[in-house]
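Quick notes on the structure that follows.
The values are calculated or read from the model by the stated rules, or taken from the named source; none is laboratory data. As the structure is a prediction and not an experimental result, all values here were calculated from the model. Note: ideal-geometry Cβ built from the backbone for every residue, glycine included; neighbour counts use all protein chains shown. We work out accessible area using only protein heavy atoms, side chains counted, and drop any ligands, DNA or RNA first. Shrake-Rupley method; radii C 1.70, N 1.55, O 1.52, S 1.80 Å.
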Amino acid sequence: MHTHEPLIKLDGISFSYPGGSPVLEDLTFTLSEHDRIGIVAPNGSGKTTLLHIIMGLLTPSAGSLELFGRVMQTEKDFQDVRRKAGLLFQDADDQLFSPTVLEDVAFGPLNMGKTKEEALALSRKTLAYLGLEDFEDKITFKLSGGEKRLVALATVLAMEPQVLLLDEPTAGLDQDTKKRLIKTLSELDLAYILISHEFDFLTATTDHMYPMENGKILVDEELHVHVHEHAHKVGAHPHRHV
Ligand SMILES: Nc1ncnc2c1ncn2[C@@H]1O[C@H](COP(=O)(O)OP(=O)(O)OP(=O)(O)O)[C@@H](O)[C@H]1O
Ligand SMILES: [Mg+2]
């Protein structure tokens, strides 16, 4: 029988920022191979905090994380995880720091021990894959918001991750670019957790959507989006549904 190994196993995770009230409280969640999970929750629910905990950027006050089959104990454990899990930051400016686009995309692969030639080839391939082949010599900080988000995604994908953590990837993207991103995500065949407020996008890119409330992911309250079809007696008057 084909089993899907758990990639991310969170058990009883709690977290508060210094002096603040709890953001995550006894959160339990598992992401397995091929899982494409959407998380939908209001601003300030702790979505970004959760992804940062998975990457080891924040340390929970309670609970355990088992990532890629290993219980996380030391910073060294997380260094290994950061090679396998790719986080697309909510704010692209947190992701990009090199002068040019090509340098930014090549940074990860170089850091993982690729030769300069390999890293550049991989970076160019990734940029081309995202339709950004003309971007390599551009100055990162001069890019538009949407361009930055795509380049940030390129820096993540160039590391050939096994899991993606996507924190509002469509923020600032136009409709065509969103469609391209839907296609990209479906072609990648990777497990991911995707945070978004856009139901259309989530419906197209994830298999399950869960809400977050009181510091927990509510897996028993899966969200379903219904297509709303209806007939009208009175012709083609423009109208709106709330
Ligand atoms: N660095 C920080 N220091 C103190 N409190 C923080 C910090 N970052 C976030 N918080 C608080 O923690 C809570 C959760 O924040 P988080 O960014 O995880 O929410 P979110 O669900 O990602 O929200 P959004 O949809 O707005 O991105 C919020 O109340 C926020 O004010
Ligand atoms: Mg957030």
Being under 22 Å from R83 (Cα atoms) and either within 16 Å of ligand 2 (Cβ to nearest atom) or open to solvent by less than 50 Å² (accessible area, probe 1.4 Å) (or both) is the filter here, so list the residues in region 189-206 that pass it.
-> L190, A191, Y192, I193, L194, I195
So V225 clears everything in (1) assigned to a helix (DSSP H, G or I); (2) touching a Phe, Trp or Tyr at 6+ places or on another chain (Cβ under 7 Å) except one condition, right? Which one?
-> (1)
For residues that are in a strand (DSSP E or B) and β-branched (V, I, T), scanning just region 14-60, find the one that is farthest from ligand 1 (Cβ to nearest atom).
-> T30
Count - residues of region 174-188 that are of a type in the set (A, V, I, L, M, F, W, C) and surrounded by fewer than 21 Cβ atoms within 10 Å (Cβ to Cβ) = 2
Can you run down the residue pairs with Cβ atoms below 8 Å, 6 or more apart or on separate chains, where the first is in region 37-51 and under 16 Å from T206 (Cβ atoms) and the partner is open to solvent by 10 Å² or more (accessible area, probe 1.4 Å) and within 6 Å of ligand 1 (Cβ to nearest atom)?
-> I39/K47; A41/K47
Condition check for T28: open to solvent by 10 Å² or more (accessible area, probe 1.4 Å), under 15 Å from the mean Cα position of the chain (by Cα) and either closer than 29 Å to A154 by Cβ or at pLDDT 95 or above (or both) = no
Consider D134 carefully, then state whether it is at pLDDT 95 or above and open to solvent by 50 Å² or more (accessible area, probe 1.4 Å).
-> yes
Residue that is farthest from T140 (Cα to Cα), among those in region 90-110 that are of a type outside the set (A, V, I, L, M, F, W, C) and away from ligand 2 (no atom under 16 Å from the Cβ) | P109
Quick check: anything in region 38-57 of a type outside the set (K, R), open to solvent by 20 Å² or more (accessible area, probe 1.4 Å) and away from ligand 2 (no atom under 16 Å from the Cβ)?
-> no
Which one of these is touching a residue at least 12 places away in the same chain (Cβ under 8 Å), within 25 Å of S186 (Cβ to Cβ), out of contact with any Leu (no Cβ under 8 Å at 6 or more places or on another chain) and open to solvent by 50 Å² or more (accessible area, probe 1.4 Å): G69, G108, G145?
-> G145
Of the residues L110, L165, which single one is in contact with a strand residue (DSSP E or B) (Cβ under 6 Å, 6 or more places away or on another chain) and outside any loop (DSSP other than H, G, I, E, B)?
-> L165
